[in-house]
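One structure is given here, and the rest of the page talks about it.
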Amino acid sequence: MTLVLNGWQHLRSGKVRDLYTNPDGQLLIVASDRISAFDYILPTEIPNKGKLLTQLSSFWFEFLKDVVPNHIITTDVPEQVVGRGVIVKPLVMFPVECVARGYLTGSGWLEYQKTQSVCGIALPAGLVDGSKLPTPIFTPATKADDGEHDMNITFEQCVEILGEQASEILRKLTLALYEKAHDYAQGRGIILADTKFEFGIDDKGQVCLGDEALTPDSSRFWQSESRDSYDKQFVRNWLINSGWDRNSPPPALPDDVVAKTQERYELAFKLITGKAF
């Protein structure tokens, strides 16, 4: 249900976030407790997930601000959305998702098994699911409309969409952000296997980091020793084994899956920030 917030007009709702605007042209992003997987919004929510995503993103935005500016204006938001809302400056978003991979897994692993490459980048033979890559790689993807699947693309295809200069800038920023975050997380007992960033241009022509940053929704976090996941891969795995055909509406999550997902998100937050959620 869309909240009515004094002084704010609802613009639209995404899979997880609701977007509002005010007469000054600022945006209010409110993270819900919805969870998505395989491009579907699941019928079951994860309690307090929106607050965790917002507060963890705020941590990373602050930590990474020396690499690239971000869209944050303030976390002083209407009382109804305290903790899960943030006021940001509007950006003209680049129509490409910027993915950095330091480890071979997910769609990258599936592609590697067929072509020994990921997004047109040739990789060494003999890698397995979970292998650390010789060096992190930039693997962009198209942003799909709701209900459609994001598509991995090559850097050359990215250039066709954005132009060479913008593509080079986004590749450089994506890898710099990933490497700084990876090294920090590694010191906290977490492997940042891969992550997704979104960038836009502000009214001064400056490239800024927007959307969210390095959350369990947008990243793969692994425990350093066991490789247990601290992200929504636990939900994906349950769905894969549930018998769901990925064409019909997704099933509700059992209570234990909800509880264990919440536990994993909260543990990631504690390990990364050093604070209990």
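Annotations for the structure displayed:
- Whether segment 45-101 is rounded, prolate or oblate, judged on the alpha carbon gyration tensor where a/c under 1.5 counts as rounded: prolate
- Between 248, 107, 36, the residue with the greatest mean-square fluctuation in the GNM of the chain (Cα pairs under 10 Å linked by springs) is 248.
- Overall form of segment 1-92 per C-alpha gyration tensor (a/c, 1.5; a/b vs b/c): oblate
- Under the span-like rule (Cα at least 18 Å along the axis, Kyte-Doolittle mean at least -0.5), DSSP H helices of the chain: 49-63, 255-273
- Interchain or long-range residues, amide H under 5 Å from residue 37's placed H: 42
- For segment 92-223, the residue among 190, 208, 108 whose Cα projects farthest onto the positive side of the dipole built from Cβ charges is 190.
- Within straight-line cross-link reach of residue 275, lysines at Cα separation under 18 Å, skipping those fewer than 8 residues along the same chain: 49, 51
- Between residue 206 and residue 248, the modelled labels are 5.2 nm apart [label points 7 Å from Cα along Cα→Cβ].
- Max mean-square fluctuation residue, GNM over the chain, Cα-Cα springs under 10 Å, options 162, 170, 192: 162
- Spherically averaged projected area in nm², based on the convex hull that wraps the Cα atoms of segment 1-157: 11.2
- Within the chain, percent of DSSP bridges classed antiparallel, to nearest 5: 100
- Cα gyration tensor shape of segment 92-223, rounded if a/c is under 1.5, else prolate or oblate by comparing a/b with b/c: oblate
- Cleavage-rule hits (trypsin sites (Lys or Arg not before Pro)) in segment 37-108: DSSP loop, at most 16 neighbouring Cβ within 10 angstrom: 65
- Whole-angstrom gap from segment 252-276 to segment 24-60, using each part's C-alpha centre: 14
- The ranking of 190, 137 from fewest to most other beta carbons within 10 Å of each one's beta carbon is 190, 137.
- In the chain, the sites counted are GluC sites (Glu not before Pro) in DSSP loop states with at most 10 other Cβ atoms within 10 Å, and the longest stretch holding none of them, exclusive of the sites, is 1-147.
- The number of Lys pairs in segment 93-250 with C-alpha atoms less than 21 Å apart, excluding pairs fewer than 8 positions apart on the same chain, is 13.
Computed from the coordinates by the stated procedures, all read-outs in this text should not be read as laboratory data. Note that the structure is a prediction, hence the values are computed from the model and not measured. FYI the Cβ positions are ideal-geometry reconstructions off the backbone, even for glycines, and counts take in every protein chain you see.
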